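Okay, structure first, notes after.
Here, each number is a calculation from the coordinates, and none is a lab measurement. Fair warning: this is a prediction, and the values are worked out from it, not measured in the lab. Neighbour counts are summed over all protein chains in view; Cβ atoms, including those assigned to glycine, are modelled from backbone coordinates with ideal geometry.
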Amino acid sequence: MFQHTALRYTALILLAAGAFAQAVTAGYFGLEVLTEILLLAMLVLALDMVAGFGGMVSLCHGALMGLGAYAYAILTTKAGIAPPVAMAGAIAITGVAAWVIGAIGARSHGIYFIMATLAFGQMAYSYVFEAPLFGGDDGMGGIPRLDLTLIGLDLNDSRSFALFCLLLLAASYGAAVLILRSGLGRSLIGVMHNEQRMRALGLTVWRIKADVFGLSGMIAGLAGALAAQHVMYISPGPLAWTVSGEALVVVILGGLGTLVGPMIGAAAFVVLKHEVSNVTSYWHLVVGVLLIAVVMSRANGLFGWIEARWGARLERRLSDLTRKSDAEEVPTDA
Amino acid sequence: MLETRNLDKSFGAVHVTRDVSLKLERGERRVILGPNGAGKTTLFNLLVGELTPDSGAVLLAGEDVTALPVAKRARRGLSRSYQKNTLFDGLTVEENLGLAAAVHTGSATRLWGDSLATPEVREIVEEVAEQVRLMPYLHAKVSEVSYGVRRQLEVGVALATRPLVLLMDEPTSGVGPEMAKGFHELLNDLPRDLTLLIIEHDMDLAFDVADTITVLNYGEVVFDGLPDAARGSKLLKEIYLGSWEDA
């Protein structure tokens, strides 16, 4: 069951504080990097929901994010729909598409599920790449950002946009936690532990998987709609399976099934990409070596390693502190 | 309450269930005996829908459920425990019972709110934990409790769906004599209106708990009657009970 430990709270606070400080103080390039991190964090959060808590390792989440971006682009630039409505529409469209993929893929497991999602993702990529409606390989430009000037927020300003993305990432994280702690989320975790038993208890397993996959798709769709607004342009590139593969690498590097870990992984991945690519264009090699090291160490990613090493110690220290303060309070009360 | 009509199942050339017809009344406690390979677990798999029969029918509370999948049969009141523990190892005993109870109450698919925190689920969890003597272990993880406790939980999870008919596949499998004795009491304390169908190798338990006994051999019903008649049956002694009689 998903639980917030002291270490997870600490990591969340540090992440939020770090992102906020960066959003307030960074220059243009720093803000671009921060927004890239926040959007990737949203995507890997969506992926961790299904892979880490449902055993559904998806290779189509990049395509779902791309679908959200294209849906927003078409609704705003071709259908002339107002950006806020288009954003809601993009999230809904991606959610429905993800639900269908989840429902179809729910009967397969392991490598077969991965292949099924890969096929869906590549189908979407190929179609978008060829279809004139989506601008083919030229993509689509002129995508507007949301207009929040009514509440004093100009999203055409990079700083405001980064803060807006941070706010929506926090909301997405809250939604993911609520879902995983709900009856639906608990059932999903039960299915991951023992699908046969959950079915024998009377649960319609495919429906649980499809529902959570759909909800995860909605978060990926939100990330896509924001990504389209970020660069005001969308091309078929984000739908390629390599984007989904990269997201999976980030989830594994960060810590599968922890929600917090993949977000740390997203920050580490983007920073590493920018820093190492300053030195060499073979930055993927460095990520590859790091991934091999994490997998070989048998730790559950970077955050899993930290949890295993310091999690219990921090919990003990906190409970000691609580006991001490309780003991100090007793004489005063008496 | 539960009925089979001429159930037949083959795997290739191996005929594992032959023309099995059973009828269990409400509240009846029937024990199925038979040597290894007699087709007892296959019969359970046919009853709950994990296997599809080649021919024949399964009726639950008078309704034909042969075409229904596992989950739908379970929701109609057919629950089972397994010979090998089939639990949620990473979760606590309470969460294991809660997951089953949540499926029964319908809160397992709710998007808002913790399904295990609802009064209905908590009530079932407490009641079942009392029934299967699990109160002291509620907050322990399954991986941290003894094998015997896991066997109790195996039955508890099946009970938490509030079934009409409970199928138990060797509930005392692998537990010591003392623990097995506790299991006898546990089964005898279950509500009398609950229909039980139990596969068992422990003869003491079989004769202690059973209202009726069915013996399978090579997938066929070779005896169906009262425990006293089973004790006196020559055929049974030949195919299965020799070692028990000698002991």
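Considering the dipole of the range B:84-162 built from charges on the beta carbon (Lys and Arg +1, Asp and Glu -1) around the Cα centre, which of B:VAL149, B:GLN131, B:SER115 is farthest to its positive end?
B:VAL149
When DSSP assigns beta bridges and you keep just the ones with both residues in the protein assembly as shown, what percent turn out antiparallel, to the nearest 5?
Numbers: 23 of 40 bridges.
Restricted to the protein assembly as shown, the bridges split so that about 60 percent are antiparallel.
Using Cα-Cα distances under 8 Å and only pairs 6 or more residues apart, what relative contact order does chain B have, in percent? Let's see the in-between values first.
On the way: 456 pairs, mean separation 68.2, N = 247.
Averaging sequence separation for qualifying contacts and normalising by length gives 28 percent for chain B.
Using Cα-Cα distances under 8 Å and only pairs 6 or more residues apart, what relative contact order does the range B:84-162 have, in percent?
Averaging sequence separation for qualifying contacts and normalising by length gives 46 percent for the range B:84-162.
What is the distance in Å between the Cα centroid of the range B:127-164 and that of the range A:6-21?
When both Cα centres are located, 39 Å separates them.
If the cut-off is 20 Å between C-alpha atoms, which lysines fall inside it for B:LYS23, apart from same-chain ones fewer than 8 positions away?
Qualifying lysines at Cα under 20 Å: B:LYS9, B:LYS40.
For B:ASN217, list long-range residues whose amide hydrogen, built 1.01 Å from N in the peptide plane, is under 5 Å from its own amide hydrogen.
So B:ASN217 has HN proximity to B:VAL222.
Expressed as an acute angle from 0 to 90° and rounded to the nearest 10, what is the orientation of the C-alpha long axis of helix A:28-54 relative to the principal long axis of chain A?
The two axes meet at around 70 degrees.
Helix A:183-193: angle to the longest alpha-carbon principal axis of chain A, degrees 0 to 90, nearest 10?
So the helix axis and the longest Cα principal axis differ by about 80 degrees.
As a check on your grasp of the helix formula, calculate [θ] at 222 nm for chain B: sum -39500 (n - 2.57) over DSSP H runs of n ≥ 4, divide by the residue count, round to the nearest 500.
Mean residue ellipticity at 222 nm (helix-derived): -9500 deg cm²/dmol.
Under 5 Å between amide hydrogens, which residues at least 5 positions from B:ARG29 or on another chain qualify, with H placed 1.01 Å from N in the peptide plane?
Excluding prolines and chain starts, which carry no amide H, the hits are B:LEU196, B:ASP211, B:THR212.
Using +1 on the beta carbon of Lys and Arg, -1 on that of Asp and Glu, and nothing else charged, what's the dipole of the range A:6-239 about the Cα centre, debye to 20?
940 debye
I need the phi-derived Karplus couplings for the range B:120-125: 6.51 cos²θ - 1.76 cosθ + 1.60, θ = phi - 60°, integer Hz, Gly and Pro marked x.
Listing the rounded values in order: 5, 5, 4, 5, 5, 4 Hz.
HN-Hα J couplings of the range A:56-66 from phi, Karplus 6.51/-1.76/1.60, θ = phi - 60°, integer Hz, Gly and Pro as x?
With coefficients 6.51, -1.76 and 1.60, one gets 9, 7, 9, 10, 10, 5, x, 5, 5, 5, x Hz.
Kindly state, to the nearest 0.05, the FRET efficiency for A:ARG298 paired with A:ALA26, given R0 = 41 Å and r defined as their beta-carbon distance.
The computed FRET efficiency comes out at 0.65.
Measure nothing but the geometry: give the 0 to 90° angle between the long axis through the Cα atoms of B:93-105 and the longest principal axis through the Cα atoms of chain B, rounded to 10°.
So the helix axis and the longest Cα principal axis differ by about 80 degrees.
Toward the positive end of the charge dipole of the protein assembly as shown, about the Cα centre and with charges on Cβ (Lys, Arg +1; Asp, Glu -1), which of A:LEU321, B:LEU236, A:GLN22 goes farthest?
A:GLN22
Answer rounded, prolate or oblate for the range B:102-247, using the Cα gyration tensor with square roots of eigenvalues a ≥ b ≥ c: rounded when a/c is under 1.5, else prolate when a/b is larger than b/c, else oblate.
Prolate shape, in that a/c is at least 1.5 and a/b is the bigger ratio.
Of B:GLY34, B:VAL175, A:LEU256, which is farthest towards the positive pole of the protein assembly as shown's charge dipole, taken about the Cα centre with +1 and -1 on the beta-carbons of Lys, Arg and Asp, Glu respectively?
It is A:LEU256, whose Cα lies furthest towards the positive end.
Expressed as a rounded percentage, what relative contact order does chain A have, with Cα pairs under 8 Å and six or more residues apart? Could the numbers behind the result be given before it?
Numbers: 510 pairs, mean separation 104.3, N = 334.
Averaging sequence separation for qualifying contacts and normalising by length gives 31 percent for chain A.
Hey, can you grab everything whose amide H is under 5 Å from the amide H of B:LEU51? Only 5+ residues off in sequence or another chain; H modelled, so Pro and N-termini drop out.
Those lying under 5 Å, H to H, from B:LEU51 are B:LEU46.
Can you work out the Karplus-derived ³J(HN,Hα) for every residue in the range A:110-115? Use 6.51 cos²θ - 1.76 cosθ + 1.60 with θ = phi - 60°, whole Hz, and x for glycine or proline.
x, 4, 5, 5, 4, 5
Report the antiparallel proportion of the DSSP beta bridges in the range B:49-195 as a percent, rounded to a multiple of 5.
Roughly 40 percent of the beta bridges in the range B:49-195 run antiparallel, per DSSP.
What size of dipole, in debye to the nearest 20, comes out for the protein assembly as shown about its Cα centre when the only charges are +1 on Lys and Arg C-beta atoms and -1 on Asp and Glu C-beta atoms?
740 debye
Per DSSP helix of 4 or more residues, -39500 (n - 2.57); summed, then divided by the residues of chain A. What does that give at 222 nm, rounded to the nearest 500?
Value at 222 nm, helices only: -25000 deg cm²/dmol.
If you place +1 on the Cβ of every Lys and Arg, -1 on the Cβ of every Asp and Glu, and leave all else neutral, what size is the dipole of the range B:84-162 about its Cα centre, to the nearest 20 Debye?
Charge dipole of the range B:84-162: 260 debye, to the nearest 20.
Quick one: grab the alpha carbon gyration tensor of the range A:6-239, order the square roots of its eigenvalues as a ≥ b ≥ c, and give me rounded if a/c is under 1.5, else prolate or oblate depending on whether a/b is larger than b/c. Let's see the in-between values first.
Values: a/c = 2.14, a/b = 1.31, b/c = 1.64.
It comes out oblate by the Cα gyration axes.
When a/c is below 1.5 the answer is rounded, else prolate if a/b is larger than b/c, else oblate, so apply that to the range B:35-125 with a ≥ b ≥ c taken from the square roots of the Cα gyration tensor eigenvalues. Please report the intermediate quantities before stating the final value.
Details: a/c = 3.01, a/b = 1.68, b/c = 1.79.
It comes out oblate by the Cα gyration axes.
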